[in-house]
Amino acid sequence: MKPPRYVQITAAERYTLGTLRRLGSTAAAIARIRGRHRSTIGREVRRNATRYDGSYRPQLADGYSRSRRSCSRR
């Protein structure tokens, strides 16, 4: 049996994540809706929250992740 294939979070998923967070949904509830593991959602929010106030903004989160990805490819 093959392990599940990892698929990175897309920009569209980040917008959905941001909307659901603003509505007060927990990481576990968002994970059920999106079909992801709750730790994936928690890590996404923790890694890509703004540095100043800790809130999750999808546009900035996408930029942060793209920046990290481009720096890691040498």
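The values are calculated or read from the model by the stated rules, or taken from the named source; none is laboratory data. Please read all numbers here as calculations on a predicted model, not as lab measurements. For the accessible areas, the whole protein counts, side chains as well, though only heavy atoms, and no ligand, DNA or RNA atoms are used. Shrake-Rupley method; radii C 1.70, N 1.55, O 1.52, S 1.80 Å.
The table that follows gives values for the structure above.
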quantity	calculated
Accessible area of the chain belonging to carbon and sulfur atoms, whole % at 1.4 Å probe	52 percent
Accessible surface, the chain, averaged per residue in Å² (probe 1.4 Å)	78 Å²
Theoretical gain in end-to-end length, residue 71 to residue 25 [0.36 nm per residue, Cα-Cα removed]	13.4 nm
